[in-house]
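Read the structure below first, then the notes.
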There are 2 protein chains.
Amino acid sequence: MSDNSNRTPEHEFAVGIDFGTLSGRAVVVRVSDGKEFGSAVHTYAHGVIERTLPGTDAALGPNWALQSPEDWREVLRRAVPKALAVAGVDPSQVIGIATDFTACTVMPTLTDGTPLCELDELADRPHAWPKLWKHHAAQPHADRINETARRTGEKWLGRYGGKISSEWEFAKGLQVLDEDPELYARTDRWIEAADWIVWELTGTESRNVCTAGYKGIHTEDGYPSAQYLTELHPDFGTFTDKLADQLLPLGARAGGLSERAAEWTGLPVGIAVAAGNVDAHVTAAAADATRPGQMVAIMGTSTCHVMSSDQLAEVPGMCGVVQGGIIDGLWGYEAGQSAVGDIFGWFVDNCVPGAYEAEAERRGISVHQYLEELAAEQPVGAHGLVALDWHNGNRSILVDHDLSGVIIGQTLGTRPEDTYRALIESTAFGARRIVEAFEEAGVPVDEFIVAGGLLKNRLLMQIYADVLRRPISTVGSDQGPALGSAIHAAVAAGAYPDVPTAAAAMGRRTKSSYEPDSGRADVYDRLYAEYRGLHDHFAGEAYGGTGVLHRLHELRNEATR
Amino acid sequence: MSDNSNRTPEHEFAVGIDFGTLSGRAVVVRVSDGKEFGSAVHTYAHGVIERTLPGTDAALGPNWALQSPEDWREVLRRAVPKALAVAGVDPSQVIGIATDFTACTVMPTLTDGTPLCELDELADRPHAWPKLWKHHAAQPHADRINETARRTGEKWLGRYGGKISSEWEFAKGLQVLDEDPELYARTDRWIEAADWIVWELTGTESRNVCTAGYKGIHTEDGYPSAQYLTELHPDFGTFTDKLADQLLPLGARAGGLSERAAEWTGLPVGIAVAAGNVDAHVTAAAADATRPGQMVAIMGTSTCHVMSSDQLAEVPGMCGVVQGGIIDGLWGYEAGQSAVGDIFGWFVDNCVPGAYEAEAERRGISVHQYLEELAAEQPVGAHGLVALDWHNGNRSILVDHDLSGVIIGQTLGTRPEDTYRALIESTAFGARRIVEAFEEAGVPVDEFIVAGGLLKNRLLMQIYADVLRRPISTVGSDQGPALGSAIHAAVAAGAYPDVPTAAAAMGRRTKSSYEPDSGRADVYDRLYAEYRGLHDHFAGEAYGGTGVLHRLHELRNEATR
C-alpha cells in the first residue's frame, strides 16, 4: 500500500476469530493480500444449553438457549495457538487480532466483566447465563416492548422494520427483570458476547456500534428513554445504565492485548485488538462488498442479509438500519430469513424415507447431495408445489416468530426430492421478497453476493439466480467471517486506513458465479406470484392475512400447557 | 322366515363375490343368519395396468389405468371353488350368487359380450381395454361434458352435484371417440364391468340401476339427449345405443347360472344370479344400514359414502342421487373422498425416515401402527397443523380432480407422527364437510357407520368420532362388500322378499363403537373452522377460492409436457 510504504505487510499477519453457534474458528491471514495461512476450530464443550444448566438438574423452559463463557475462552486458548502452528507463522509477526460473534448473544456481568453464571451462588440461576441469539423465550417481553413503543410513538421503532425482536438486548433484559428481579439487580453490566470477548482480550470494557445499533436500539438519539422504559416496568427505567454510551466504530482499536490474553493465545502483549463485531456484518469485508448496493447474504442454518447504503430509508421488516453498522460512514442495513439450511436439515432428518438414506450411503454421498441430484433433474414447476419458508417464523419482512411453514400442491405422486426442491425454492422466494422490499423502499440492490455454508449447494445457488433473475456473486473464502475479522484486525493495527481499503486488498469474491436462465426465471416469476399470494394470505392480521397460523400457534400452546 | 316357511335356510348358502382394485374375494354365507363359512381371495395377475399394455411395449399416457377381463374370470374359476372348499359347503346347497364391482370400471365389447381387447387385431389398442375407475385421463372430456351441460342447462346435472366425473361412463366413452374413433366405431356395447361379469355368469346382457344411475347419467328421464350428446361431438349422439335402457333393480334375478359359469365356479347350473352392483353400495346391506339417514362410509384407499333417504334433494358436490340406487324404493345418495388410506400410504412410503421404519420393524409392527401409537399420545391441537386432504383431488363436495394437498403449520420441531396425525384429521374434516353438506341440503344423517380396511386403525376411528361429534357404528364383517353381495344373492334367489329384510337377518353392525369426547370435540371444532377456511380459500375460482392449486396443476402439466 502506498500509504503504508514504511510497512512490510508481506510479513505481517492478522488473526481473525469467528465465534459461531457451536464452535469458534481462528484464522491467520497475511495482511498484504488476505491469503489464509492456517486455521483451527474449537468446538464448544457445552454447545447450546437447552435442557438443563451444566452440573445441575435445573430444567430450562421451552425456547430457552444459553451458552457458557468458558467455552468461548477455550477458543482463545486452543484454536488461536493451533491456527498459528498450522499456518507456520511466528506469533511475533501478528500485528492485530479481531473477533466476530453471533448476535444478539447477551449476558449479565459484574463491573469487572465476571459473568454472573461464574459466581458460585448464581450458577444455578438460568438467568445468570448468557442468552444465545436463538433464545426465543422472551417473545412476550418483545411483544410488550413493541406494543408500548407503538402506543407511545417511539421514533426508533421504524428503524427496526417496526418491530423489536425477542432475540435482542432489551427483550432478553426485560425477561430477566420480570422473571428473576434479584438476578437483574445483581447485573452490573448487560453486555453482548461480541463486546465481552473483546473485554477478555483487552482487560477493558468497550462497546461496538454494530451490536449497539442492531441489537441494542441505539440510534443517533441514544438509547430508548427512561420514561419509555419505565412504562415497560417500573424498575426498567435505569436499564441503559447497564449498557454503555461510548461506542467504537467498526475497525477501531479497542485496546491492546492483555497479558492474560497473550498467555492464552500465544500472541504478543499489546498488539491491536479490534472493536467487537458480528459474524454476518464482518463478512461484507471478506467478500470485498463494502460499497453501497452490495448485498451480502450469509446463508447457513439461517440467512442474514447485510448491505451498506448512502441513503437512510425505513425498509419494511428489515432487522435494522444503523449508521456505520457495517462500514463506518455508511448506513448499514440488516435483514434476515430465520431458517434456511435449518429447513433442509429438518426435512432430511424428519421427512426422507430410509430407502433414500440407504441409497445415499451406498453412493457415499450425503442425503442432501442425493436429493439435490434428483431435484436438479426436473424442469421448473414440474413438482406442482409452492411452500412458505416460515418453519422458524419469518424475520424479514414480517418479523413474526409465531408464523410457521406452509406447503401446497402435494399429491400421491409427490416424491421427497420434489418437496426438497420446493423448500429450496421457498427460501429463494423469501430472499426475493427481501430484495424487493429494499428496492420498493428506494434502496437499490446492485449486486447479490452469497457467503456461508450453503454456497456448496450448486442447485440451490442456481435456483437463487433464476428466482432473483440476477447474477449471483460468491465470496472467495470458506471462512468468510474469520477472514472479515482479520481484515478488521489489520485496520485496527493501522495497516490500512479503513475497512473498504483493507477489504479491497484482503477480501475477495467471484462475480457472476451463477447466471440466471431467462426461461427458468419466467416460470419462477409465475411461481413467485403464487408465493406472494400465500405470503400475504398467511401473514398475520396486521398484514391483512387470515391469522390462521397465529391461531394454530395459540392452540398448540394451549394444548401443550 | 315366516313367509319362507317352506324353505330351510339354515342349510342354504349364498355366494358373494367382491371385485376390488387388485383382487377378487368370494365368500360363502349362510342364508338364515349371514354367518360367513369361508372365503378366498384371488389376486389379479395384471393388477392395475398403468405403464404398458400386457404383452406389448405400447406405453400408456399419464393418469391411465386399465384392467384385464381375464383376471376377473380367474376370480370365478379360482376364488369361488376355493371358498366353497374352505367353507366345507356342498355346492348343491348354494341357492344364489351375486357380485359387486369397482365402479365406474367400464369397457367396450362386441354384441356377444366379447371384450374388444380380446380380439387379436385390437389387443394393442389401449382404448380396447377396460378402463378402471381410477383412470383419470378423461378429465378434458369431463370438462367438456360439464361446460356443455351448464351451457345447455341439462336438468340432470344437479343430480350429480353439478359435475360429471372424469371417472364415469360418458367421459371415458367420449375419450375413446376423440382419441380412437375407429375403436369407438367397433364398440357395440359400452358396459360396466359390474354388468359384464353378470353377463359372463348368465350368458345374457343386463344392466343394473345402480351403475346406470351413478355412473351412466341415467335418471327417470332416461339418458342425456342425443341433441346434447351431439353438441359434445357430432358422432356422440348415438352413444346411448351402446348402453341399455332396461335396468334391473338391485337384488333382482338377472338370470340363471350358465353352463360355462357353472363349470368355472363348481356351482349348480341355473341358480339365481343377482343384478350387478357396486362394492360401496352393496356394503349398506352388510351393515344392516338400509334405512333412511344411515350413512355408511366405506373407508379404504378412498372413502365412499352411501346413504338412502325418502327425500330427493340436490346436495352440493355429492356424486349422485339415484332412485333405487342403493335400496329399491329409496333415493340413494353417494358421496366420496378421493383419497384417504392412500394419503397415509403415500406418507409412509415417501415421508417417514429410516429410523422410524427400523423401530417399527424391531417392534414387529407396521410403520402405520408405530406412527399411530406415537400420534395417539398427543393432545388435540398440540401439533399446530391443519391439512387439506386433497392429495388425489376432492370428490365431494368440490368434485375437482385437479386440486392437491395442503399442509400448514409445520415448524423445525414437527415430527412425522405430527404430520401423520394431521393427515388423519384432515380426512375426518373432509368427512365432516360431507355430512354437513347433506344436512345443509335438508337430508338428515342419523347414524354414521364405518366399513372398510381403516376400521382397524383405532386412533383414526376415535378422531372421526371426535371430529364428527357423534358416535361411530362399525360394520360387523371384515368382508363387507362380499357379504353384502351374498345378501343380494339370497334376495335374488327368493329367500327374502327384499334387501332390507335380508339385511336385517344377514347383515350386522356394532352401534356406537366409538363415542365422541366433548373436550376433544371442542378443540376439533376450532381446528375444523380453520380447515373450512383453507377449504374455501384453496377451492377453485368457481367456489370463490384463489385458484392457486389449479394454476400449479397447469404449470406442472406445462413443465412436464
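What's the number of the only condition in (1) surrounded by fewer than 23 Cβ atoms within 10 Å (Cβ to Cβ); (2) in contact (Cβ under 8 Å) with a residue 60 or more places away in the chain; (3) part of a loop (DSSP other than H, G, I, E, B); (4) not polar (S, T, N, Q) that A:H46 fails to meet?
(2)
Quick test of your reading of the structure: A:T427 fulfils all but one of (1) more than 14 Å from every other protein chain (Cβ to nearest Cβ); (2) of a type outside the set (A, V, I, L, M); (3) in contact (Cβ under 8 Å) with a residue 60 or more places away in the chain; (4) within 19 Å of A:M318 (Cβ to Cβ). Name the failing condition by number.
Exception for A:T427: condition (1).
When residues of the stretch A:95-154 are filtered for being open to solvent by 20 Å² or more (accessible area, probe 1.4 Å), without any contact (Cβ under 8 Å) to a residue 60 or more places away in the chain and in contact with a strand residue (DSSP E or B) (Cβ under 8 Å, 6 or more places away or on another chain), how many remain?
Residues in the stretch A:95-154 being open to solvent by 20 Å² or more (accessible area, probe 1.4 Å), without any contact (Cβ under 8 Å) to a residue 60 or more places away in the chain and in contact with a strand residue (DSSP E or B) (Cβ under 8 Å, 6 or more places away or on another chain): 0 in total.
Please enumerate the residues belonging to the stretch B:362-420 that are buried (at least 24 other Cβ atoms within 10 Å of the Cβ), more than 9 Å from chain A (Cβ to nearest Cβ) and among the aromatic types (F, W, Y).
Matches in the stretch B:362-420: B:Y420 only.
Output the residues belonging to the stretch A:58-76 that are buried (at least 17 other Cβ atoms within 10 Å of the Cβ) and either within 16 Å of A:A262 (Cβ to Cβ) or free of Cβ contacts under 8 Å to residues at least 12 places away in the same chain (or both).
A:V75, A:L76
Could you grab me the full set of residues in the stretch A:245-263 that are open to solvent by 40 Å² or more (accessible area, probe 1.4 Å) and in contact with a helix residue (DSSP H, G or I) (Cβ under 6 Å, 6 or more places away or on another chain)?
Residues satisfying the conditions are A:L247, A:P249, A:R253.
Would you list the helices (runs of 4 or more DSSP H) that sit entirely within the stretch A:109-208 and hold 2 or more residues that are at pLDDT below 95?
On the way: elements: A:139-152, A:169-179, A:181-186, A:193-202.
In the stretch A:109-208, A:139-152 are the helices (runs of 4 or more DSSP H) which contain 2 or more residues that are at pLDDT below 95.
It is to be established whether one or more residues within the stretch A:442-452 are open to solvent by less than 10 Å² (accessible area, probe 1.4 Å) and free of Cβ contacts under 8 Å to residues at least 60 places away in the same chain.
Looking through the stretch A:442-452, none of the residues is open to solvent by less than 10 Å² (accessible area, probe 1.4 Å) and free of Cβ contacts under 8 Å to residues at least 60 places away in the same chain.
Taking the stretch B:395-424 only, how many residues are without any contact (Cβ under 8 Å) to a residue 60 or more places away in the chain and not in a loop (DSSP other than H, G, I, E, B)?
7
Residues in the stretch A:332-371 that are over 29 Å from A:A313 (Cβ atoms) and polar (S, T, N, Q): how many?
3
Test A:F438 against the criterion of being of a type in the set (F, W, Y) and either surrounded by fewer than 24 Cβ atoms within 10 Å (Cβ to Cβ) or touching a helix residue (DSSP H, G or I) at 6+ places or on another chain (Cβ under 9 Å) (or both), and give yes or no.
no
Check whether at least one residue in the stretch A:458-467 is away from every other protein chain (no Cβ under 14 Å) and not in a helix (DSSP H, G or I), and report yes or no. Walk me through how you get there before you give the answer.
Of the stretch A:458-467, the ones away from every other protein chain (no Cβ under 14 Å) are A:458-465, A:467.
In the following step, the residues that additionally are not in a helix (DSSP H, G or I) were identified as none.
Looking through the stretch A:458-467, none of the residues is away from every other protein chain (no Cβ under 14 Å) and not in a helix (DSSP H, G or I).
For residues in the stretch B:539-557 being touching a helix residue (DSSP H, G or I) at 6+ places or on another chain (Cβ under 9 Å) and at the interface with another protein chain (Cβ under 7 Å from one of its Cβ atoms), which is modelled with the lowest pLDDT?
Filtering first and then ranking leaves B:T546.
Test each condition in (1) within 15 Å of B:E447 (Cα to Cα); (2) open to solvent by less than 40 Å² (accessible area, probe 1.4 Å) for B:P353 and report the one that comes out false.
(1)
Given the criteria farther than 30 Å from B:H383 by Cα, open to solvent by less than 10 Å² (accessible area, probe 1.4 Å) and away from chain B (no Cβ under 14 Å), does A:A482 qualify?
Numbers: farther than 30 Å from B:H383 by Cα: yes; open to solvent by less than 10 Å² (accessible area, probe 1.4 Å): yes; away from chain B (no Cβ under 14 Å): yes.
For A:A482, the condition - farther than 30 Å from B:H383 by Cα, open to solvent by less than 10 Å² (accessible area, probe 1.4 Å) and away from chain B (no Cβ under 14 Å) - is met.
Considering each of B:A493, B:A503 in turn, give the residue that is over 30 Å from B:D400 (Cα atoms), out of contact with any helix residue (DSSP H, G or I) (no Cβ under 9 Å at 6 or more places or on another chain) and buried (at least 19 other Cβ atoms within 10 Å of the Cβ).
Just a single option satisfies the conditions, and that option is B:A493.
Residue check: is B:T240 touching a Phe, Trp or Tyr at 6+ places or on another chain (Cβ under 7 Å) and open to solvent by 20 Å² or more (accessible area, probe 1.4 Å)?
Yes; evaluated as a whole, the condition is true for this residue.
Could you figure out which of (1) open to solvent by 10 Å² or more (accessible area, probe 1.4 Å); (2) over 20 Å from A:Q479 (Cβ atoms) isn't true of A:G320?
The one condition A:G320 does not meet is (1).
One residue is enough: does the stretch A:379-394 have a residue meeting the conditions touching a Pro at 6+ places or on another chain (Cβ under 9 Å), more than 16 Å from A:V467 (Cα to Cα) and not acidic (D, E)?
no
Looking at the stretch B:93-104, which of its residues are over 14 Å from B:A493 (Cα atoms) and among the small types (G, A, S)?
The one that is over 14 Å from B:A493 (Cα atoms) and among the small types (G, A, S): B:A103.
Among the residues of the stretch A:201-224, write down those that are without any contact (Cβ under 8 Å) to a residue 24 or more places away in the chain and surrounded by fewer than 19 Cβ atoms within 10 Å (Cβ to Cβ).
A:G222
I'm checking my understanding of the structure. Among residues of the stretch A:517-538 that are open to solvent by 50 Å² or more (accessible area, probe 1.4 Å) and among the small types (G, A, S), which one is nearest to the other protein chains (Cβ to nearest Cβ)?
Among them, the one singled out is A:A529.
The values are calculated or read from the model by the stated rules, or taken from the named source; none is laboratory data. What you are looking at is a predicted structure, and each value in this text was computed from that prediction instead of being measured. Glycine also receives a Cβ, built like all others from the backbone with ideal geometry; neighbour counts cover every protein chain displayed. With ligands, DNA and RNA removed, areas are computed over all heavy atoms of the protein, side chains included. Shrake-Rupley method; radii C 1.70, N 1.55, O 1.52, S 1.80 Å.
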